Amino acid sequence: MSGTTTAPGDALDAAGAAPSGTPLATTGNDPLAALRAAAKARTEARATSKAAHAARRARDARPKRSADELRAIVERGQAELHGSGLGAADEATAEQVVAWAVREFSGSIAVACSMADAVLPHVVAQQAPWVDVLFLETGYHFPETTGTRDAVEQQMEVTIVDVLPRLTVAQQDEAHGKDLWSRDPAACCAMRKVEPLTRTLGEYEVWVTGVRRDEAPTRTSTPLVTWDEKNGLVKINPLAAWSFDDLLGYAAQHQVVLNPLLNDGYPSIGCAPCTRRVAPGEDPRAGRWSGLDKTECGLHV
């Protein structure tokens, strides 16, 4: 009869199945329930693993060794890892460099990552799960960079540490004038990158960077391991001998997160106001501080 309503159960045919085109809406047949349960289990497992790592790290913590002790470790590392010299066939692989660092420094390792890609954190985390990954939160990042940072935190067994400047962008504008980066980029980098990183690195014995020799003429002599006099700790560069193609190949093989800007003309990614696309054939870092007498932010010089 017109206007008669049918209870949900009445929609089933004699065999107990819904007529063609009628979706089942009962809780017991929720097609996403299993996926949600699996996602919850993964989240809980990650939290448990991370907590266990933090507990072990706290238990095994030791005072930072002296500069002389750390320099001696650098000398041993250079002898062990560099083989016949920079770029030689017997130079250590990235994995061997990381293994050496884990043996020598245990939990006192910091990985610096600009989030142009997540290859370096992935390489290190294979042998040092939940390693601290330092992200310089300058306040000027591309949205793609911030998104890459968030994806790395969710997908990889690393501990993201947001390294913050003493001043917010608004406070810096008030104290030094708006858009300091356009008038004195060195001063801006010093306040938003160099000082915060130096302050944070004081807690560690070694920091790991993704600097590669093929990136710029200023980086062609990058060693695998060195003493960082400015920051007073050991610095290692496991990917120093890699090419950009090596990096992309590793990312593809291991399904590692890449910043989308890498495929949009940005082979080197910094703060948005100071980074432009690079034309084919240009130096990979030509887009950084373009038109200015500046090629490095100060972290690696």
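The values are calculated or read from the model by the stated rules, or taken from the named source; none is laboratory data. The structure presented is a predicted model; accordingly, all values stated were derived computationally and were not measured. Neighbour counts run over all protein chains shown; Cβ positions are idealised from the backbone, glycine included. Areas reflect the complete protein model, heavy atoms only, side chains present, ligands, DNA and RNA absent. Shrake-Rupley method; radii C 1.70, N 1.55, O 1.52, S 1.80 Å.
With every protein chain in place and a 1.4 angstrom probe, the accessible-area ranking of S243, S268, largest first, reads S243, S268. Spin-label model, A55 to T226: label points 7 Å out along the Cα-to-beta-carbon direction sit 4.1 nm apart. Structure note, pairs K178/K230; K64/K235; K64/K193; K50/K193: Cα-Cα distances above 19 angstrom occur for K178/K230; K64/K193; K50/K193. Normalised per residue, the accessible area of the chain is 52 Å², obtained with a 1.4 Å probe and no contribution from ligands, DNA or RNA. Taking amide hydrogens as placed 1.01 Å from N in the peptide plane, the amide H of L134 sits under 5 Å from those of V111, A112, C113, V161, each at least 5 positions away in sequence or on another chain. Under a model in which nothing but the beta-carbon of Lys, Arg (+1) and Asp, Glu (-1) is charged, region 94-229 shows a dipole of about 260 debye around its Cα centre. To the nearest 10, the accessible area of H141 is 40 Å² with a 1.4 Å probe.
For F142, F135, F244, the ranking by accessible surface with the largest value first comes to F244, F142, F135, using a 1.4 Å probe. Taking the protein heavy atoms of the chain in the context of the full set of protein chains, the accessible area attributed to carbon and sulfur is 55 percent at 1.4 Å.
Put simply, the convex hull of the Cα atoms in region 160-238 casts, on average, a shadow of 6.5 nm².
Residue-wise HN-Hα couplings along region 173-185, as the Karplus relation 6.51 cos²θ - 1.76 cosθ + 1.60 with θ = phi - 60° gives them from phi, are 4, 5, 7, 10, x, 5, 6, 4, 4, 7, 9, 8, x Hz; Gly and Pro carry x. Against the chain, whose longest principal axis is taken from its Cα atoms, helix 67-81 shows a tilt of about 80°.
To the nearest 500 deg cm²/dmol, what mean residue ellipticity at 222 nm is calculated for the chain from DSSP H runs of n ≥ 4 alone, each contributing -39,500 (n - 2.57), summed and divided by the residues?
Numbers: 10 runs with 110 residues, N = 301.
Calculated at 222 nm, the ellipticity per residue is -11000 deg cm²/dmol.
If ligands, DNA and RNA are left out, what is the accessible area of T146 with a 1.4 Å probe, given in Å² to the nearest 10? T146 has an accessible surface of roughly 50 Å² with all protein chains in place.
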